[in-house]
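Note sheet for the following structure.
The values are calculated or read from the model by the stated rules, or taken from the named source; none is laboratory data. Worth saying up front: this structure is predicted, and the values here are computed from it rather than measured. Counting neighbours? That spans all protein chains shown, and the Cβs are built from the backbone with ideal geometry, glycine included.
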Amino acid sequence: MNIDALRGHMSALLLSVLEQEPLHGYAIIEALQRRSGGALSVPTGTVYPALRRLERVGYLVSEWATVAGRRRRTYLLTAAGRTALADERSAWLAFTSAVGSVIEPRPVP
């Protein structure tokens with residue numbers, strides 16, 4: 001999938017992946033791939049800046065943890081992040097409904 005098509009939706013994707021549990025960056029990338037059936041292959045150069053931005057605005061907090069003997073930054077969704085995710089989901093449903101109503105073929109009267 002074209003990464004440019006995802007740019008406006010990266011926040012929602014990352015917040016959604018972190019909704020159930022805290023994850024480190026590479027595990028987030030793997031979760032995006034797994035949950036999309038392999039359709040989303042997002043480069044680290046896109047994910048890590050987005051994670052830092054979400055942390056700056058208070059949607060995520062991070063802490064260093066040792067995972068499999070390696071030190072990694074683990075990200076956790078905050079209450080503000082959960083609210084933002086709910087807003088993103090509502091916006092996504094409205095967007096897909098609007099686009100779908102234009103793109104779907106209509107019977108000619």
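So that you can scan it fast, the table gives a plain yes or no per residue for (1) outside any helix (DSSP H, G or I); (2) free of Cβ contacts under 8 Å to residues at least 24 places away in the same chain:
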| position | (1), (2) |
| --- | --- |
| A39 | yes, no |
| L51 | no, no |
| L54 | no, no |
| R71 | yes, yes |
| T74 | yes, no |
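For the condition over 14 Å from A12 (Cβ atoms) and either in contact (Cβ under 8 Å) with a residue 40 or more places away in the chain or part of a loop (DSSP other than H, G, I, E, B) (or both), what is the one hit in V108, V61, V99? Steps first, please.
On the way: V61 fails: either in contact (Cβ under 8 Å) with a residue 40 or more places away in the chain or part of a loop (DSSP other than H, G, I, E, B) (or both); V99 fails: either in contact (Cβ under 8 Å) with a residue 40 or more places away in the chain or part of a loop (DSSP other than H, G, I, E, B) (or both).
The unique qualifying residue is V108.
Taking the conditions exactly as written (modelled with pLDDT under 95 and among the small types (G, A, S)), does A94 satisfy them or not? Spell out how you get there, then give the answer.
Details: modelled with pLDDT under 95: yes; among the small types (G, A, S): yes.
Considered against the rule, which asks whether it is modelled with pLDDT under 95 and among the small types (G, A, S), A94 comes out as yes.
Within the stretch 22-42, track down each residue that is over 22 Å from R71 (Cβ atoms) and either within 13 Å of the chain's Cα centre (by Cα) or among the charged types (D, E, K, R) (or both). Spell out the reasoning first.
Start the filter on the stretch 22-42 by keeping residues that are over 22 Å from R71 (Cβ atoms), which leaves 32-42.
The answer is L32, Q33, R34, R35, S36, L40, S41, V42.
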